[in-house]
Amino acid sequence: YQAKRAGRNEVRTFDPDRSAPLERLSLTTRLRHAIAEEQLVLHWQPIVDPVTGALQALEALVRWHDPVRGLVMPADFVPFAEETGIIDRLGALVLQLVARQRARWQQADGFEPTVHVNVSPRELRNPAFADRLSRTLTAHGVDPATIVIEITESAAMQDPARVGPLLHALAATGVQIAIDDFGAGHSSLSRLVNLPVHVLKIDRSFLAKVPADPASAAVLQAVVGLAGALEMRAVAEGVETRAQREELVRLGCPLAQGFLLGRPGPAVAMRAHLQRAAS
Ligand code: C2E
Ligand code: MG
Ligand code: MG
Ligand code: MG
């Protein structure tokens, strides 16, 4: 009886690491079901020019629309999916949803946004990934040059002998590559220059301390300079205040993303941004 009660309480916490095997099994089942039933939805967040606010790209962010719990955020299921291998199917669905929406924007609305999509380390290490992505884009008539694949710095830097060739194969399909959360992990600069990287997304933790902490501003400035020197575009993540935006303008950071500039929202909520960019 006691154990049963404890078990019930655990269901509410929804933390895969603290949950019992049975519960993990049911989470696995529910997530598989959610993928099969396409209960995953994409929200989109603008990436803008910090000077003018003009839309430069949109990042796709997955949510699980659970009929019982409502909108579940990626932190509550992406790591679990990665750990259990479900990420391959989840990632395939995300790519389909991205390609479908990008095609719809172009064909039905005449918008041609550059679109960013997050890919987890395990998906990236699947040797079939580049081919699968390529086929999904072709099936929807999406130009690969309009797609930016975001991989975290740690995923890009680990296992160089394996990841290097995978990234080159990916770039050869015509998509662009972004390093996400740059500065939060351990980057080797000599490795970075040898990877086909088009965009550096500077981890939110640096901007979070701006303008109070001059050292963080100096790091931001250095990364913006590094990106420019390597012919990559720098995106500052996590712009929440006007002071942070002004600092980015002062530092000459070309691209920015954050709640101040645009919150993630469903595709329909991006219409105003897209319309302004198109006119
Ligand atoms: P990320 O790729 O670094 O995405 C940025 C996250 O920061 C998003 O959280 C976004 O809502 C949030 N964010 C944006 N601007 C601000 C801001 O100004 N302040 C603060 N505090 N947060 C901001 P979200 O959507 O919860 O996603 C979290 C992470 O989950 C993503 O981090 C990414 O690593 C992962 N993720 C999201 N979608 C996917 C996906 O389709 N596939 C995979 N493999 N991972 C995904
Ligand atoms: Mg990202
Ligand atoms: Mg990021
Ligand atoms: Mg992040």
Check: Among R162, R135, R104, R191, which is the only one that is closer than 24 Å to H273 by Cα and among the charged types (D, E, K, R)?
Finding: R104
Notebook entry, point to check: Say we look at the range 75-87 and pick out the residues that are surrounded by fewer than 19 Cβ atoms within 10 Å (Cβ to Cβ) and free of Cβ contacts under 8 Å to residues at least 40 places away in the same chain; which of these is farthest from the chain's Cα centre (by Cα)?
Noted result: G85
Checklist line | Where a residue in the range 179-194 is within 18 Å of S216 (Cα to Cα) and at pLDDT 90 or above and its partner, wherever it lies, is within 16 Å of ligand 2 (Cβ to nearest atom) and of a type in the set (S, T, Y), with Cβ under 6 Å and at least six apart | finding: D180/T152; D181/T152
Item checked: Selection count, the range 242-279, where residues are within 16 Å of ligand 1 (Cβ to nearest atom) and loosely packed, with under 15 Cβ neighbours inside 10 Å -> 8
Item checked: Filter result (within 16 Å of ligand 1 (Cβ to nearest atom) and more than 18 Å from the chain's Cα centre (by Cα)) within the range 208-238 -> A208, K209, V210, P211, S216, L220, V223
Notebook entry, point to check: In the range 130-163, which residues are of a type in the set (A, V, I, L, M, F, W, C), at pLDDT 95 or above and more than 12 Å from ligand 1 (Cβ to nearest atom)?
Noted result: A130, L133, L137, A139, V142, A145, I147
Next item on the list: Kindly provide the set of residues from the range 188-206 that are over 20 Å from A57 (Cα atoms) and within 16 Å of ligand 2 (Cβ to nearest atom), ordered by number.
Entry: S205, F206
Margin query: When you scan the range 141-152, do you find a residue that is buried (at least 21 other Cβ atoms within 10 Å of the Cβ) and either assigned to a helix (DSSP H, G or I) or of a type in the set (F, W, Y) (or both), even just one?
Written below: no
Note to self: So, L207, is that one of a type in the set (A, V, I, L, M, F, W, C) and in contact (Cβ under 8 Å) with a residue 40 or more places away in the chain or not?
What the structure shows: yes
Notebook entry, point to check: Restricting attention to the range 100-116, does a residue exist that is crowded, with 18+ Cβ neighbours inside 10 Å, part of a helix (DSSP H, G or I) and among the charged types (D, E, K, R)?
Noted result: yes
Check: From the set of residues in the range 239-279 that are among the β-branched types (V, I, T) and in a helix (DSSP H, G or I), which is farthest from the chain's Cα centre (by Cα)?
Finding: V249
Note to self: Among the numbered criteria (1) within 16 Å of ligand 2 (Cβ to nearest atom); (2) assigned to a loop (DSSP other than H, G, I, E, B); (3) in contact with an Asp or Glu (Cβ under 9 Å, 6 or more places away or on another chain), which one does I179 miss?
What the structure shows: (2)
Check: Within the range 210-234, how many residues turn out to be free of Cβ contacts under 8 Å to residues at least 12 places away in the same chain and either closer than 17 Å to R245 by Cβ or surrounded by 21 or more Cβ atoms within 10 Å (Cβ to Cβ) (or both)?
Finding: 3
Notebook entry, point to check: When residues of the range 28-51 are filtered for being of a type in the set (A, V, I, L, M), in a helix (DSSP H, G or I) and touching a residue at least 40 places away in the same chain (Cβ under 8 Å), how many remain?
Noted result: 2
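The values are calculated or read from the model by the stated rules, or taken from the named source; none is laboratory data. Computed from a prediction, not measured in an experiment: that's the story for all the values here. Counting neighbours? That spans all protein chains shown, and the Cβs are built from the backbone with ideal geometry, glycine included.
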